[in-house]
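Rule-based calculations on the coordinates, nothing more; no lab input. All values reported here derive from a predicted model rather than from experimental measurement. Cβ coordinates were reconstructed from backbone atoms using ideal geometry, including for glycine residues, and neighbour counts include every protein chain displayed.
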Amino acid sequence: MLPHHPPANATSRFSNRVADYVRYRPGYPEGVLTLLQDRGWLKRGARVADIGSGTGIFSRLLLDEGAEVFAVEPNAEMREAAEAMLGQSALFHSIAASGEETTLADHSMDLIVSAQAFHWLDRTRARSEFTRLLKPDGRIVFIWNVRQTASTPFLRDYENLLLHSTPDYMQVRHENVDAEALTTFFTDGIFEKHVFANQQGFDFAGLCGRLLSCSYAPAEGHPLHKPMIEELRRLFENHEQNGSVTFLYATEVFIGR
């Protein structure tokens, strides 16, 4: 069902994690951009609203394809990181606003994308706002890098660590946006789903950074932080090969009107 209300601190909970987010969050496979280009939705000069644009990971890919990007991000620290990386481009517009109230003009967008962010939005308000923003033939694209939690012994153990060491992990997972929620969101319940393979390799410092980039991971100073990192060290030592462990993802792309 459509109603969904994000945590009260949804716009601030990444503020102390920006450096780790920039360095350790995964990018997106080239196939995602190719798909949007082949359908004619992403092309040079297209006006794209990147909702919950964060530190600009997906905005950068859109700019590389010649799109004009309106990066909508309510968190000041994440927005500033994106501006530092992308602000030199005349096609990049940093918008200090929420996905539910973007401040962008009516029917001004060819494409709305939300990469790793839609689950933070109030769905009812976002649906109304996206309807207002899109041109009549525009499309909405939701993208998530879905960690393959049961695909390897390392990833099974890592998932178990999260379940036992991060108290609100289950409450903020993007998997909380299920097929029913998407069917309710898109016009006539119709949407496409595409899946691409993606992965990251980490040494122990990178693995720590990847974990601490997540809003649900207890930060330094929290009583659960030290035991969590100690358990992460044991996990790494049990599974590393040549000093590295691998995160496998299925990058899921949902497209509709």
**Message:** Looking only at residues that are among the polar types (S, T, N, Q) and in contact with a Pro (Cβ under 9 Å, 6 or more places away or on another chain) in the range 117-153, which one is surrounded by the most Cβ atoms within 10 Å (Cβ to Cβ)?
**Reply:** Asn145
**Request:** Return the only residue of Phe186, Phe196, Phe191, Phe154 being touching a Ser or Thr at 6+ places or on another chain (Cβ under 6 Å) and in contact (Cβ under 8 Å) with a residue 60 or more places away in the chain.
**Result:** Phe196
**Complete:** Of the residues in the range 91-126, those that are in contact (Cβ under 8 Å) with a residue 60 or more places away in the chain and hydroxyl-bearing (Ser, Thr, Tyr) come to Ser98, Ser108, Ser114, Thr124
**Criterion: within 25 Å of Val141 (Cα to Cα) and crowded, with 19+ Cβ neighbours inside 10 Å - qualifying residue of Phe202, Phe247** = Phe247
**Prompt:** Leu163 passes all but one of (1) out of contact with any Ser or Thr (no Cβ under 6 Å at 6 or more places or on another chain); (2) touching a residue at least 24 places away in the same chain (Cβ under 8 Å); (3) in a helix (DSSP H, G or I); which number fails?
**Reply:** (2)
**Asked** Does Asn242 count as at positive phi and either crowded, with 16+ Cβ neighbours inside 10 Å or not charged (D, E, K, R) (or both)?
**Response** yes
**Request:** Answer with yes or no whether Ser108 is surrounded by fewer than 17 Cβ atoms within 10 Å (Cβ to Cβ) and of a type in the set (Gly, Ala, Ser).
**Result:** yes
**Message:** I'd like to check something: does the range 117-130 contain any residue that is under 20 Å from the mean Cα position of the chain (by Cα) and more than 16 Å from Phe185 (Cα to Cα)?
**Reply:** no
**Prompt:** From the residues in the range 70-94 that are among the hydrophobic types (A, V, I, L, M, F, W, C), in contact with a Leu (Cβ under 9 Å, 6 or more places away or on another chain) and over 19 Å from Trp144 (Cα atoms), which one is surrounded by the fewest Cβ atoms within 10 Å (Cβ to Cβ)?
**Reply:** Leu91
**Fill in**
Counting only residues in the range 40-51 that are touching a residue at least 40 places away in the same chain (Cβ under 8 Å) and either surrounded by fewer than 24 Cβ atoms within 10 Å (Cβ to Cβ) or not acidic (Asp, Glu) (or both), the one nearest to Arg127 (Cα to Cα) is identified as Ile51
**Asked** Identify, please: which residue in the range 26-39 is in contact (Cβ under 8 Å) with a residue 12 or more places away in the chain and part of a helix (DSSP H, G or I) and is, among those, farthest from the chain's Cα centre (by Cα)?
**Response** Gln37
**Residues of the range 213-234 that turn out to be touching a residue at least 24 places away in the same chain (Cβ under 8 Å) and either on the phi > 0 side of the Ramachandran plot or among the polar types (S, T, N, Q) (or both), as a count** = 2
